[in-house]
Amino acid sequence: DRFNAPRALNRRGQLQVNAGELGDALQLYRQSRSLASGLTAAAPKNVTYRRGFAVASLKLGDVADRMHDYQTAFDAYSQAEGMLRQLTGENPASADLRRAFALALQRLAIGHLSLHRSAEAVAANQETLGVYGARVTAARANVQAQVGLADPSAHPG
């Protein structure tokens with residue numbers, strides 16, 4: 001129940017994005033990330049809270065990128081990638097976390113490109129392909145993983 005507030009803020013943020021109110025969406029995602037960070041600090045082993053922090057960071061990064069604030073976007077993507085890397089390492093059987101980690105790596109590559117760091121972008125994309133490749137190998141019938149491997153810029157539902 002304590003995680004409902006960050007989720008609600010994320011939903012409101014998406015509504016603001018849809019309405020073209022990017023500044024308002026950015027503030028809502030910052031609030032969501034702050035709440036998720038507080039929950040994570042209080043329960044550092046809670047996977048839901050930590051994943052929520054990463055998701056809010058990705059959303060914040062996406063909005064900052066659309067606003068051409070590339071450093072803020074990169075910082076948010078980097079925080080999400082770091083959290084999801086930890087979570088994936090701690091929960092290697094979780095396909096959901098591996099997928100989220102791959103998406104964070106994709107965003108990190110975008111962030112590197114926006115800051116004109118092409119070598120780092122290539123490295124992040126190569127790691128993304130490795131994550132998707134491992135997913136396909138682990139579950140040959142996983143269409144989402146196959147789409148991700150075929151098109152790392154795809155955002156599977």
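The values are calculated or read from the model by the stated rules, or taken from the named source; none is laboratory data. None of these values were measured; they are calculated from a predicted model. Here Cβ is always computed from backbone atoms with ideal geometry, including for glycine, and neighbour counts include all displayed protein chains. The accessibility values were calculated without ligands, DNA or RNA, using every heavy atom of the protein model including side chains. Shrake-Rupley method; radii C 1.70, N 1.55, O 1.52, S 1.80 Å.
Quick notes on this one:
- Filter pass, residue 101 being touching an Asp or Glu at 6+ places or on another chain (Cβ under 8 Å) and open to solvent by 10 Å² or more (accessible area, probe 1.4 Å): yes
- Contact annotation: residue pairs with Cβ atoms under 8 Å, 6 or more positions apart or on different chains, pairing a residue in region 107-125 that is in a helix (DSSP H, G or I) with a partner that is of a type in the set (Val, Ile, Thr) and surrounded by fewer than 16 Cβ atoms within 10 Å (Cβ to Cβ), are 109/122.
- When residue 68 is tested against the conditions (1) assigned to a helix (DSSP H, G or I); (2) over 15 Å from the mean Cα position of the chain (by Cα), the lone failure is (1).
- Qualifying residue in region 13-34 (condition: buried (at least 18 other Cβ atoms within 10 Å of the Cβ) and in contact with a Pro (Cβ under 6 Å, 6 or more places away or on another chain)): yes
- Only one of the listed residues (86, 79, 146) is open to solvent by 30 Å² or more (accessible area, probe 1.4 Å), modelled with pLDDT of 95 or more and farther than 23 Å from residue 8 by Cβ. That residue is 86.
- Test: residue 62 is surrounded by fewer than 23 Cβ atoms within 10 Å (Cβ to Cβ) and modelled with pLDDT of 95 or more: yes
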